[in-house]
1. Scan the range 158-204 for residues that are small (Gly, Ala, Ser), surrounded by 19 or more Cβ atoms within 10 Å (Cβ to Cβ) and more than 19 Å from ALA239 (Cα to Cα) and jot them down.
2. Which pairs turn up if I take residues in the range 352-374 that are over 17 Å from TYR335 (Cα atoms) and look for partners that are of a type in the set (Lys, Arg) with beta carbon separation below 8 Å, at least 6 apart in sequence or on another chain?
3. Taking LEU143, is it at pLDDT 95 or above, in contact with a Ser or Thr (Cβ under 7 Å, 6 or more places away or on another chain) and in a loop (DSSP other than H, G, I, E, B)?
4. ILE80 - would you say it is of a type outside the set (Gly, Ala, Ser), surrounded by 23 or more Cβ atoms within 10 Å (Cβ to Cβ), in the same structural domain as THR162 (by TED's automatic domain parsing) and under 19 Å from LEU237 (Cβ atoms)?
5. Name every residue in the range 149-203 that is among the aromatic types (Phe, Trp, Tyr) and closer than 24 Å to HIS63 by Cα, in order of residue number.
6. Any idea how many residues of the range 34-85 are farther than 20 Å from ASN154 by Cβ and either in contact with a Pro (Cβ under 7 Å, 6 or more places away or on another chain) or in a helix (DSSP H, G or I) (or both)?
7. How about the range 69-108: which of its residues are among the β-branched types (Val, Ile, Thr) and over 14 Å from the mean Cα position of the chain (by Cα)?
8. For the range 93-132, give me each residue that is surrounded by fewer than 17 Cβ atoms within 10 Å (Cβ to Cβ), touching a helix residue (DSSP H, G or I) at 6+ places or on another chain (Cβ under 8 Å) and closer than 14 Å to TYR82 by Cα.
Amino acid sequence: MKEYIEYLQGLLKLNNIEFQQEEDFVQGKLNQINNDFGYEHINRYKRQMILSEIGLTGQKQIHQAKVLIVGAGGIGAPAIYYLAGAGVGTIGLVDGDSVDVSNLHRQIIHNNDRQGMNKCESAKKQINQFNPLVNVITYKHHLSSQNAIDIFQNYDVILDATDNPATRYLINDTAIYLNKPLVSGSSVGWEGQITVYGMQGPCYRCLFPQCPKTVQNCNEAGVFGVMPGLIGLIEALQAIKIIIGQQSLSQKMILIDGLRDVYKVVKLRGQQKDCIACQKQIKINEYDYASFAQTICSSSVPFRGGYKEIEWKDFLQIQRNEKVVLLDVRPSQQYNIIKLDGFKNHPYQQIEQFQIEENKDKDIYIMCRRGNNSRLACEFLKDKIPNIYNIIGGIDLYAKLYDPKMPLL
């Protein structure tokens, strides 16, 4: 006990807290000084409390903080873990998705036994075992313009760990409207980026008034699991620094290229005077985020006509001969992993190189992963080849209908 008291005395000295005598500790005076912050908290967090930037005061701030994480996936998983490990008192989780085996290479807070479980519930189970001193609140549904304000207003710091364009704008607008610091990161392929919006700096809409046309998510472009892990760790770091009053990434952005080992910090342009989010001109509960994102950058491609669409059940009845050409316009990496008999690979990115003359009198059936890039390919070819067919739903729908064990990429 004597050694422990000496340690506590030294810790309190570092934080300029006076004490009278050893009996103060024995009688539980430490709890009176720190409210609900007692021995078990100091035992758990003492290694970081020794840091002068944290100490007792900073750890109490972390303990009293409420952090909301939207998305319990590749970025959210490590962020949740490390915020809980650091002692954030209340962590809110928003995610309407369920755990799938394809998540597990990067979403490390989930496990094989929790397939099919809501991701918030899975994460809460893990954190309850990892650090029972943390209160985890779950919102087991997707964020929407109807519930965002009610959820966000209960938290001090917001973390965006999503990969959906519409949701990213909704998170930004709500955080800025409520004057909440927003830690925002994204990761696709081998790359990642992270910044802090608000806090006298620009918001997401300041940088991107319109949705970027090149937006892709992990399902479409793939992701190396370590990359969202890195971004999630930095999100947790930024959240803690905001809580304890240290300098954050506001007005700066970290860019990481994991394949080429390139790490950059770039300065962002300032807050824009004509930004409708910063000027609080958006009525969030009336704004149609889905239409805004879909019109500009969604992967959902509308059917415009000029070519035919065919369902799998009808396609499978077609008699194949030399007049029938089957094209799979997925990237070659996906095609080489899993393919359907008879389909030749011609990636959509190379559709302009398709041999028009030798195929203009043939029936061309085109598929992709979900039916979006195949529609774009049909749009390009429809004025050049009369008999063009888009196979609705792509290989994902085929697998669900006819081969449930087929791996979906």
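1. Filtering the range 158-204 down to residues small (Gly, Ala, Ser) leaves 161, 166, 175, 184-187, 189, 192, 198, 201.
This time we only want the ones that are surrounded by 19 or more Cβ atoms within 10 Å (Cβ to Cβ), so: 161, 166, 175, 184-187, 192, 198, 201.
Scanning the range 158-204 gives a single hit, ALA166.
2. Close Cβ pairs (under 8 Å, with a partner that is of a type in the set (Lys, Arg)) amount to ILE356/LYS384; LYS360/LYS384; ASP361/LYS323; LYS362/LYS323; ASP363/LYS323.
3. On the way: at pLDDT 95 or above: yes; in contact with a Ser or Thr (Cβ under 7 Å, 6 or more places away or on another chain): yes; in a loop (DSSP other than H, G, I, E, B): yes.
Yes, satisfied.
4. Working: of a type outside the set (Gly, Ala, Ser): yes; surrounded by 23 or more Cβ atoms within 10 Å (Cβ to Cβ): yes; in the same structural domain as THR162 (by TED's automatic domain parsing): yes; under 19 Å from LEU237 (Cβ atoms): yes.
In short, yes.
5. Step one: of the range 149-203, the residues among the aromatic types (Phe, Trp, Tyr) are 152, 155, 169, 177, 190, 197.
Matches in the range 149-203: PHE152, TYR155, TYR197.
6. The qualifying residues number 23.
7. Taking the range 69-108 and keeping what is among the β-branched types (Val, Ile, Thr), we get 69-70, 75, 80, 88, 90-91, 94, 99, 101, 108.
Those that are among the β-branched types (Val, Ile, Thr) and over 14 Å from the mean Cα position of the chain (by Cα): VAL88, THR90, ILE91, VAL99, VAL101.
8. Within the range 93-132, just PHE130 meets the criteria.
The values are calculated or read from the model by the stated rules, or taken from the named source; none is laboratory data. Treat the numbers as computed from the prediction; the structure is a model and nothing was measured. Neighbour counts run over all protein chains shown; Cβ positions are idealised from the backbone, glycine included.
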